[in-house]
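Structure record follows, encoded as structure tokens.
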Amino acid sequence: EQRAAPGKIAVIGGGIGGTAAAYFLRQKFGRSVRIEVLERGEVGGRLATVEMEGASYEAGGSVLHPLNLHMKHFAKELGLPAIPVPGKLMGIYNGEEIVFEESSWYIINILKLLWHYGFSPLRMNMWVEDILDKFMRIYRYQTHDYTFSSYEQLFHALGGNDFTQILNQTIDEAMQKASFSQKFINEMVCPAMRVDYGQGVNINGFVGAVSLAGAGSSLWSVKGGNKLVCTGLIYASKADVITGTVVSIEPKTRKTSTGDPVNLYHITYDTPSGQTGDIYDIVVIAAPLNRKIANITFKNFSPPVPEFSSPYQQTVATFVHGRLNSSFFGYQDPSAFHLGAIFTTENPKLFINSVGIVSPVENRGSEEEPPLQSAVWKIFSKEELTKEQLNLLFSSYDSVKVKKWLAYPHYSPPNKFPPIILHDNIYYLNGIEWAASAMEMSSIAAKNAALLAYHRWYGNTDKIDQEDLYEKLKTEL
Ligand SMILES: Cc1cc2nc3c(=O)[nH]c(=O)nc-3n(C[C@H](O)[C@H](O)[C@H](O)COP(=O)(O)OP(=O)(O)OC[C@H]3O[C@@H](n4cnc5c(N)ncnc54)[C@H](O)[C@@H]3O)c2cc1C
Ligand SMILES: CC(C)=CCC/C(C)=C/CC/C(C)=C/CSC[C@H](N)C(=O)O
């Protein structure tokens, strides 16, 4: 006899991870279960826009890869247009001078890259593609309803010991082993890590490869803002959003009609009208468990739920409407400056990680590009920029908006993954960020947790942690 469906599921966090979890939980558990998403701020979380002079710009998660299949599916299913992210002429600044500058002529670029770095750029694309190919196996596993009870097992099922190794070493070590020159790593790879993850080549090899994939072509975003995916998923999942800050979770036991004990969870949360709480059968935590982010106390658990203290790092996104001071980057003649994005190499003197022109979320794909004099620039830095620093970077500007994030983990491999299963029916998604933090990663973690919650609820052990899945599924088809 099949067990009764759960009555009530709580999802803590209304970012892409939480809203995707609500969507997949609805798909698996069906219409009868009540799903509540507890969110302390705005639905979207790290997907958010800032307003500037009547237009909106992505301030958090902004670009998607063409092979981010969950995000692609969400946009399609929700009727949200996917628009291409326009490419910008890119330069690399080392704190003294521009060491590489893209040309608008394709053939000249190829020759320049060959001259500076030989075949390394081509080899790098192949190296990243090889990692991506293995990573894509997750979609096949998930389509066949397979799930993993730990991220170690998930990544091992994707790429075996090669993946375990790449997660446990730095991108610097991984690329050196693959015979890339230190000049190429420092001048071409490191700047991509700095713009995407605010760190240099000391991040793990997998997140490094994700970052390099994010510097490729055919990137896209959602017209109107990526956060529309989150509000759309809430609607599609028919989940109820409860505005509140979760402060604690406590286990409760109840006896079924047959006398068997079942675990339930009491969640306490603060709302604008005071503290309240409710009881749930299943809890999915979709926010980073960290004292500075989702500071949730696990009360009276035996054994206790471990504390997660690994740090997230601050990244500041500053939006400036103004004219970039090209002489800061070593240009004597401002009319010779045509760059739309400047990435940086590691240099302690530098106070920015990157600066680049951004387009409004409403017309990102439009052909018309604003003239460089009246563009909106997005600067990524570790610390908030001072007035003096802004005056160095810009020859003139008229408006500034600042968004501070505890953006993503501070990677220092080898990092241990936090567990997915925190208790009988409590699941934690954000451990996946320790492999790589990206919208698609949270979506994959959401589907994995929904499948895990479902199969564990109904005792379908044959769908969990299966060995040699790749081979098994190859022969099944
Ligand atoms: C500046 C920046 C740029 C980025 N660029 C990209 C990019 O281009 N492409 C890409 O793929 N990724 C990018 N990312 C990463 C991506 O945005 C994140 O990986 C992803 O959005 C994480 O989603 P999440 O749902 O897991 O977490 P979050 O979005 O952080 O969601 C967690 C939610 O939980 C809520 N919450 C926290 N604590 C509690 C509590 N106690 N009670 C109730 N609610 C709580 C929060 O308010 C939040 O809404 C970027 C991130 C940043 C910061
Ligand atoms: C998960 C996989 C396989 C691919 C994702 C590739 C991707 C889009 C990576 C980008 C990740 C990230 C954290 C980017 C931050 S900055 C983005 C952008 N350059 C900006 O300026 O906002």
For the GLU42, TYR139 Cβ pair and Förster radius 22 Å, calculated FRET efficiency rounded to 0.05 is 0.15
For SER443, SER327, SER309, which order do you get if you count the other beta carbons within 10 Å of each Cβ and list the fewest first? SER309, SER327, SER443
Please give the calculated 222 nm ellipticity per residue for the chain, where each DSSP H segment of at least 4 residues contributes -39500 (n - 2.57) and the sum is spread over every residue; nearest 500 deg cm²/dmol? -9500 deg cm²/dmol
SER395-SER302 FRET efficiency (beta carbon distance; Förster radius 41 Å; 0.05 resolution): 0.05
Students often get this wrong: which residues of region 229-251 have the backbone nitrogen under 13 Å from the point 7 angstrom along Cα-to-C-beta of ASP270? 244-248
Taking K and R as +1 and D and E as -1, what net charge do the other residues with C-beta under 9 Å from the C-beta of GLY200 add up to? -1
Please identify every one of the trypsin sites (Lys or Arg not before Pro) in region 319-421 that sits in a loop by DSSP and has no more than 12 other beta carbons within 10 Å of its own beta carbon. LYS349, LYS416
Filter the trypsin sites (Lys or Arg not before Pro) in region 1-98 to those in DSSP coil with at most 15 other Cβ atoms within 10 Å of their Cβ, and list the result. ARG3, ARG31
Which lysines, if any, have their Cα less than 22 Å from the Cα of LYS134, not counting same-chain residues under 8 positions apart? LYS72, LYS177, LYS416, LYS447, LYS463, LYS472, LYS474
Per the 1/(1 + (r/R0)^6) rule, R0 = 51 Å and r from the Cβ atoms of SER179 and ASP462, FRET efficiency to 0.05 is 0.75
Treat every Asp and Glu Cβ in region 335-449 as -1 and every Lys and Arg Cβ as +1, leave all other atoms uncharged, and give the resulting dipole magnitude about the Cα centre to the nearest 20 debye. 320 debye
Using +1 at the C-beta of Lys and Arg and -1 at the C-beta of Asp and Glu, which of PRO413, ASN448, LEU393 has the Cα lying farthest in the positive direction of the dipole of region 385-477? LEU393
When the dipole is taken about the Cα centre of the chain, and only Lys, Arg (+1) and Asp, Glu (-1) are charged at their Cβ, what size is it in debye, to the nearest 20? 940 debye
Name the residue from HIS338, VAL247, PHE135 whose Cα lies farthest towards the positive end of the charge dipole of the chain, charges +1 on Cβ of Lys and Arg and -1 on Cβ of Asp and Glu. VAL247
Helix 106-117 against the longest principal axis of the chain: what's the angle in degrees, Cα atoms only, rounded to the nearest 10? 90 degrees
Can you tell me how much longer the chain between ASN168 and LEU122 gets when fully stretched, taken as 0.36 nm per residue apart minus their C-alpha distance, in nm with one decimal? 14.1 nm
Treating the angle as unsigned and between 0 and 90°, give the value, to the nearest 10°, between the Cα long axis of helix 439-458 and the longest Cα principal axis of the chain. 10 degrees
I need two numbers for the chain: Rg to one decimal and Dmax as a whole number, Cα atoms only, in Å. 23.3, 83
Quick one: which residues, 5 or more positions from ILE242 or on another chain, have an amide H under 5 Å from its amide H? H modelled 1.01 Å from N in the peptide plane, none for Pro or chain starts. VAL37, LEU38, GLU39
Zone reached by a paramagnetic label modelled 7 Å from ASN295 Cα along Cα→Cβ, restricted to region 1-38 with backbone N below 20 Å, covers 12-14, 38
Cα-Cα over 19 Å: which of LYS382/LYS403; LYS349/LYS387; LYS223/LYS404? LYS223/LYS404
Count charges around ILE267 for me, please; just the other residues with Cβ under 11 Å from its Cβ, Lys/Arg as +1, Asp/Glu as -1. 0
Can you tell me the dipole magnitude for region 124-222 around its Cα centre, using point charges on the Cβ only (Lys, Arg +1; Asp, Glu -1), in Debye to the nearest 20? 60 debye
Net charge contributed by nearby residues that have their C-beta within less than 15 Å of THR147 (K/R +1, D/E -1): +2
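Just so you know, all these numbers are worked out from the coordinates, no wet-lab data involved. Since the structure is predicted, the reported quantities are computational estimates derived from the model, not experimental observations. For neighbour counting, all protein chains shown are included, and Cβ atoms are generated from backbone atoms with ideal geometry for every residue, glycine included.
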